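The values are calculated or read from the model by the stated rules, or taken from the named source; none is laboratory data. Computed from a predicted structure; not experimentally measured. Because the Cβ atoms are built from the backbone with ideal geometry, glycine has one as well, and the counts that use them run over all protein chains shown. The protein model used for the area step is the full one, side chains on, heavy atoms only, and it has no ligands, DNA or RNA in it. Shrake-Rupley method; radii C 1.70, N 1.55, O 1.52, S 1.80 Å.
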Amino acid sequence: METALYLIPCPMGVTPNEQVLPSYNLEIVRNIRHFIVESRKAAVRFLISLDKNFPIDDCTFTELSEHTDEKADLSKLLLPLEKGECMGVISDAGCPCIGDPGSRAVEIAQKKNLRVVPLVGPNSMIMALMASGFNGQNFAFNGYLPVKNGERESKIKQLENKVYKENQTQLFIETPYRNQKMFEAILKTCRAETKLCIASGITTDQEFIKTKTIAAWKKEKSELSKIPTIFLLYK
């Protein structure tokens, strides 16, 4: 096994590993003892789900999350890797480093010319785009939009304008408990003919992926569940 920083995907929600992860991933992970994780608890739960006998007590876990100080000294974060030992990055859900603090570890690895290996796994952004029917050759992921009323609507309008001016699919997310407010803001702000895809609970038993015009969504009077959701806009 090659010495590298392995980017380790995990399921999104309560989904069997074998449904979304190749067996090759387990072969790799079994040989790693140093992990950079979004949360230790979630990472340990995931590793044990891969192998109930995984040697957790022999592992080190360094948390790198949204709560990590942006100015924190991370120069020693990859010390095991620099000494020739494999390391892994694990997000709380899906692929690490996509809308995820783990990207800071990869940035350091690239600067130090250390090998980085992304493993195959579920990515809600790409899967939502695949199922939307929207332009998959020109798209932008915008992460979280502003929370404040007015600022949020202004950003939505800005993204909708990009759809028409640049022929670019716009993707963004929201904290699950604010899904309904985001949905209502989109309906209030966008043109009737603009298309909105709502992709929720991807790969789970709650999966819901639908594309309709804003006008059609307004007739639905839908209530969004408080589960991870990707919103996509296109024309």
Loop-located chymotrypsin sites (Phe, Trp or Tyr not before Pro) in region 12-59 whose Cβ has at most 11 other Cβ within 10 Å (DSSP):
none
Using θ = phi - 60° and Karplus 6.51 cos²θ - 1.76 cosθ + 1.60, couplings along region 98-106 (whole Hz; Gly, Pro as x)
9, x, 8, x, x, 4, 5, 5, 5
Can you pick out the pairs among 71/181; 148/219; 148/188; 148/235; 71/162 whose Cα atoms lie more than 24 Å from each other?
71/181; 148/219; 148/235; 71/162
Restricting to the chain, what percent of DSSP beta bridges are antiparallel, rounded to 5?
45 percent
In the neighbourhood of residue 74 defined by beta carbon distances under 14 Å, the net charge of the other residues (Lys, Arg +1; Asp, Glu -1) is -1
According to the square roots a ≥ b ≥ c of the eigenvalues of the Cα gyration tensor, what is the shape class of region 1-142, taking rounded for a/c under 1.5, prolate for a/b larger than b/c otherwise, and oblate for the remainder?
oblate
Test item: Cα-centred dipole of the chain, Lys/Arg +1 and Asp/Glu -1 on Cβ, debye
980 debye
I need the shape label for region 28-84. Rule: rounded when a/c is under 1.5, else prolate if a/b > b/c, else oblate, with a, b, c from the alpha carbon gyration tensor.
oblate
Of all GluC sites (Glu not before Pro) in region 1-92, the ones in DSSP coil with at most 12 other Cβ atoms within 10 Å are 2, 66, 70
Loop-only trypsin sites (Lys or Arg not before Pro) in region 4-103, please: DSSP not H, G, I, E or B, and at most 11 other Cβ atoms within 10 Å.
52, 71, 76, 83
Treating only the Cβ atoms of Lys and Arg (+1) and Asp and Glu (-1) as charged, compute the dipole magnitude of region 33-129 about its Cα centre; round to the nearest 20 debye.
240 debye
Rounded, prolate or oblate: which fits region 119-185 when a ≥ b ≥ c are the square roots of the eigenvalues of the alpha-carbon gyration tensor, with rounded for a/c under 1.5 and prolate only if a/b beats b/c?
oblate
Quick one: helix 151-166 against the long Cα principal axis of the chain, what's the angle to the nearest 10°, folded into 0 to 90?
90 degrees
Taking a probe of 1.4 Å, how large is the accessible area per residue of the chain, in Å²?
53 Å²
Using a 1.4 Å probe on the protein chains only, how many percent of the accessible area of the chain belongs to carbon and sulfur?
49 percent
Listed residues 143, 13, 133, most fluctuating in the chain (Gaussian network, C-alpha, under 10 Å):
133
Treating cross-link reach as a plain straight distance, find the aspartates and glutamates whose alpha-carbon is under 16 Å from the alpha-carbon of residue 165, omitting any fewer than eight places away in the same chain.
193
Work from the charge dipole of the chain (Cβ charges, +1 for Lys and Arg, -1 for Asp and Glu, about the Cα centre) and give the residue of 228, 140, 183 farthest towards its positive end.
183
